[in-house]
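A short reminder: the numbers here are calculations on the coordinates, not readings from a lab. Because the structure is predicted, anything quoted here is derived from the model rather than measured. FYI the Cβ positions are ideal-geometry reconstructions off the backbone, even for glycines, and counts take in every protein chain you see.
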Amino acid sequence: MPAIQRANLRALNTRFSQTGETEQLSHAPASISLLLGTGGDRRIWPDAITRRNRYGTLAVPADDEISFSSTTASNVSAEGFLAAGVALRRLIDLESPSPVAYDQWFADIRDAIPRNLGCVGAEVVLAASGTDAELIALCLFAGLSKRPLTNVLVAPDETGNGVPRAAAGCHYSDLTALGGTVEAGAPLEGLPPGRIEVRTIAIRNETGEPRHQHEIDADVIATVELELRRDRDVLVHVLDTSKTGLPAVTRQAARHVAALAPGRVHIIVDACQFRGSISSLRQDLADGFVVALTGSKFIAGPPFSGALLIPSALALAFDEDRHSSGPCRIHRGPGLAGRPSPADSLRVQVGIEPGTGSALGCRPGQSRALCGNSRSAAKPRQGAICPPGAFSHRRHGGCLASSA
């Protein structure tokens, strides 16, 4: 556990021991919001006076507000905030002589996410944000690939501001999620210059009008074919959807380019808006695609909770490559009782593995909430992720996982 996280938990433990308080931690909003504001870069830091981050959102519920920044970050919902309190109490249960171990706590979170999405078998890496998830995915594929790697990034101007730098294998900020100081724009350690190249595909024309889908697909296919001829491996982004609600790269085109050179062309689906359908997400994993999600936008978890879902076969390949000397050294951790899992090995050591605060952002709700916040300004497209009652006992919530 990072030192700053240990200090926070120690302070909470001391306060509760001295006061004799027994109420659930979800009733101590200052404690929860404090932790929800840690484990991320400067974007998550609250202003000392307004308690809002740079996107104007709070780490406490604000039921009387509409989050017009919901394509980037939303105020945490009441259900998500309550779930974080329940989860934190489980970690530092003062009434138990043996609270759950820190590693087991994370393992339970990782197990719950695919279970509640109906994607049992997928492995999960938690991330401090969607941008961190991009960096993690790139590092995993760079460790797996023996060739130079080209990252085909779609609509970089309609994704996160730091994504282009992360897609190039560079630090996107001068501060990592765990508080380390780095040079923004500098390559990650272990990635030699020129190893990663980025090709961008626009989804709008020069006048700002959306391009036809077949034009985007044609550009992606041509780019992949060119990079393969250059003897480079390729990572292709499927955007589902952009911040303005536009899709980019059809699944048909994604499957086509993946089949051009199996094992050399990989697909990552950027579903960080979480406005797609659950059935599409499941199919993406079945097709061998990696999926990036965040709980901090439409489904109203705290900024900037993220997760990377990895198909089991691909997770095993990453696990076998854990001795790589590249930027992502994947270590074998203790497996769950009777069931060693590749997820326990996916500890990405690039200074972006989340701490307690980030984990609480993805943490379980008693309502098994997979649904959105009706107060978000942006709305899902037709057939989106949250049909009433389909995946939860409540319509609204801020978590990807349910209570273990």
Check V269: other-chain or 5+ apart residues with amide H under 5 Å from its amide H, H built from backbone geometry?
V238, V290, V291, A292
Cα-centre dipole for segment 116-354 with unit charges at Cβ (Lys and Arg positive, Asp and Glu negative), debye to 20
400 debye
Where a ≥ b ≥ c are root eigenvalues of the Cα gyration tensor, a/c under 1.5 meaning rounded, otherwise prolate if a/b exceeds b/c and oblate otherwise, segment 174-242 counts as oblate
Residue order, fewest to most surrounding Cβ atoms within 10 angstrom, among L246, L126, L226
L226, L246, L126
How much net charge surrounds A48 when only other residues with a Cβ under 14 Å from its Cβ are counted (Lys, Arg +1; Asp, Glu -1)?
+3
Could you state the per residue volume, in Å³, of the convex hull enclosing the Cα atoms of segment 116-354?
126 Å³
Assuming a ≥ b ≥ c are the square roots of the Cα gyration tensor eigenvalues, decide whether segment 57-149 counts as rounded (a/c under 1.5), prolate (otherwise, with a/b larger than b/c) or oblate.
oblate
Which of rounded, prolate or oblate describes segment 84-218 when judged by the alpha-carbon gyration tensor and an a/c cut-off of 1.5?
prolate
Segment 166-181 and segment 217-275 have their Cα centres apart by a whole-number Å value of 24 Å
In which sequence would D287, D132, D319 go, from the one with the fewest C-beta neighbours within 10 Å to the one with the most?
D287, D319, D132
Relative contact order (%) - criterion: Cα under 8 Å, at least six apart; region: segment 116-354
27 percent
note: segment 44-84, Cα-Cα separations exceeding 14 Å make up a percent value of 44 percent
What is the order of R42, R115, fewest Cβ neighbours within 10 Å to most?
R42, R115
Quick one: which residues, 5+ away or cross-chain, put their amide H under 5 Å from the amide H of E197? H built at 1.01 Å from N.
L149, T150, N151
